[in-house]
Amino acid sequence: MSTIQSLGVVGAGIMGGGIAQVFAAAGLEVTLIDLHQAALEKGLQSIANSLDRLVKKEKITPQDKFDTLARIKQSTSYSDLKDLPLVIEAATDNKELKEKIIKLISDVVSPNTIIASNTSSLSVTELAALDQHPERVIGMHFFNPPPLMALVEIIRGLQTSDATHETIYKLAKQIGKEPITVKNSPGFVVNRILVPMINEAFFVLAEGLASPEDIDAGMKLGCNQPIGPLALADLIGLDTCLAVLEVYFNNFNDSKYRPCPLLREMVAAGYLGRKSGRGVFQY
């Protein structure tokens, strides 16, 4: 397959906007799709704000910012994806929503277009089965925030072809990311290890072994982690952590993935972390 110079990104939220920024900054032409014009405008403003911060830190020039924004085209129509060699689906990690979007993309793109999903926990094999050409479907899991995080998990579904994998792996390198190749399994590699660790921190908290501050300090100072597991849970969203654990528990049928009752209770109370103003910590 030839080098990809343009692509579509579906979903103008935090992840979709961040992914669009990464590709545009690397010199690719991006078509950013969202059904709502207001979401597109909000997404583009977030990208502009992110670029402004990079200008202020002297990581990029004002001209770089201008050029990056100029490479991002907004649209509310899936038909604008028609002739693109790659489309990345970057909607919220909701199975029904992602399945719907994959079908909408499949209906308009050519048989040679690669369809990538930025899922953090859903089965790429199942998503690929929705497409008439499942060999061209792959997982491309960026980490939040995409412009700053170097890692991309490249997830091969059972049907994903070698050619599709090779193209996406090379593309990740081309845009300055460090890809790792992962088999299709709930949580893939990073979240499979990370989220149970966060869950265990909630068990430690629930048992009263230490304060939230001391639990996080222990992991930062003792394991050289840049952020403690409880503060990280607040950043990710306690509801997201709970949803991921439930996927593991249901798929593996293993008690080690049982969500901590305290985590479940806090989500029920609406203590979701930074996005709600309160999680383990107050914001």
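The values are calculated or read from the model by the stated rules, or taken from the named source; none is laboratory data. No experiment lies behind these values; they were computed from the predicted model shown. A quick note on method: Cβ atoms are made from the backbone with ideal geometry, for glycine too, and the neighbour counts reach across all protein chains shown.
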Practice task
For residues that are assigned to a helix (DSSP H, G or I), without any contact (Cβ under 8 Å) to a residue 40 or more places away in the chain and touching a Lys or Arg at 6+ places or on another chain (Cβ under 8 Å), tally how many sit in region 244-283.
Solution key: 1
Practice task
Only residues that are out of contact with any helix residue (DSSP H, G or I) (no Cβ under 7 Å at 6 or more places or on another chain), of a type in the set (Val, Ile, Thr) and assigned to a loop (DSSP other than H, G, I, E, B): list them for region 93-111, please.
Solution key: none
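At least 3 residues that are more than 30 Å from Asp162 (Cα to Cα) and of a type outside the set (S, T, N, Q) in each: list the helices (runs of 4 or more DSSP H) lying fully within region 1-76 that qualify. So that I can check it myself, show each step before the final result.
Values: elements: 14-25, 37-56, 62-70.
So the answer is 37-56, 62-70.
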Fill in the blank from the handout: Contact list, first residue from region 124-149 and farther than 18 Å from Val108 by Cβ, second anywhere and of a type in the set (Asp, Glu) and outside any loop (DSSP other than H, G, I, E, B), beta-carbon distance below 6 Å, six or more apart or interchain, is His141/Glu153
Completion exercise
For region 207-218, pairs from a residue that is in the same structural domain as Leu263 (by TED's automatic domain parsing) and without any contact (Cβ under 8 Å) to a residue 60 or more places away in the chain to a residue that is crowded, with 17+ Cβ neighbours inside 10 Å and in a loop (DSSP other than H, G, I, E, B), with Cβ under 6 Å and 6 or more apart or across chains, are Asp216/Gly228
Handout entry: Count of residues meeting criterion [surrounded by fewer than 17 Cβ atoms within 10 Å (Cβ to Cβ) and in contact with a strand residue (DSSP E or B) (Cβ under 9 Å, 6 or more places away or on another chain)] in region 141-157
Key = 3
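Could you identify the single residue in Ala20, Ala12, Ala48 that is closer than 21 Å to Tyr169 by Cβ and in the same structural domain as Phe143 (by TED's automatic domain parsing)?
Criteria check complete, one pass: Ala20.
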Handout entry: Lone qualifier among Ile236, Ile227, Ile198 - being closer than 19 Å to Phe143 by Cβ and touching an Asp or Glu at 6+ places or on another chain (Cβ under 8 Å)
Key = Ile227
Handout entry: Selected residue (only one of Thr164, Thr125 is in the same structural domain as Leu28 (by TED's automatic domain parsing) and either part of a loop (DSSP other than H, G, I, E, B) or surrounded by fewer than 21 Cβ atoms within 10 Å (Cβ to Cβ) (or both))
Key = Thr125
